[in-house]
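The values are calculated or read from the model by the stated rules, or taken from the named source; none is laboratory data. As the structure is a prediction and not an experimental result, all values here were calculated from the model. Accessible surface is based on the protein model in full, side chains and every heavy atom, while ligands, DNA and RNA are left aside. Shrake-Rupley method; radii C 1.70, N 1.55, O 1.52, S 1.80 Å.
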Amino acid sequence: MIGRLHHAHEFERLHREGTRVRSGVLWCVMLPDPSYPVPSIAFAIGRSAGSAVVRNRIRRQVRALMRTHIGRFAPGLYLFGLGRGLDSTPTFGQLSAAVVGIAARVAQ
């Protein structure tokens, strides 16, 4: 189960206290917090990534990868985004490698 970030105070807390990591084509601002029952995620995928169809596909793929690797992520807040300067839409393999890399950094 994966939660979603909805409230402004959660985003403000991420901005103040979160740690930013990058792996491959993704970056993540994370804030592990045991008071949350599950990892809660949000996305910051800008228009430079492509059309709405492309951005939504990326969100769905990352959300599916999070479900696959949910055991590697501690409960808390996570904001995912795409790195700048990508020449093309990231493949599922690139997104998968990035999520695994971010999960490894969360475990540290």
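The table for this structure:
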read-out	value
Solvent-accessible surface ranking, highest first, for PHE11, PHE43 at 1.4 angstrom	PHE11, PHE43
Mean separation of Cα contacts under 8 Å (6+ apart) over length of the range 47-108, as relative contact order %	51
Beta bridge orientation in the range 1-87: antiparallel %, DSSP, nearest 5	60
CD proxy at 222 nm, helix term only [per DSSP H run n ≥ 4: -39500 (n - 2.57); per residue of the chain; nearest 500]	-13000 deg cm²/dmol
Sulfur and carbon atoms: percent of accessible area, the range 13-75 [1.4 Å]	52
The chain: most fluctuating residue of GLY24, GLY46, GLY76 per GNM, C-alpha cutoff 10 Å	GLY46
Part-to-part distance (alpha-carbon centres) for the range 22-55 and the range 76-108, which is given in Å	8
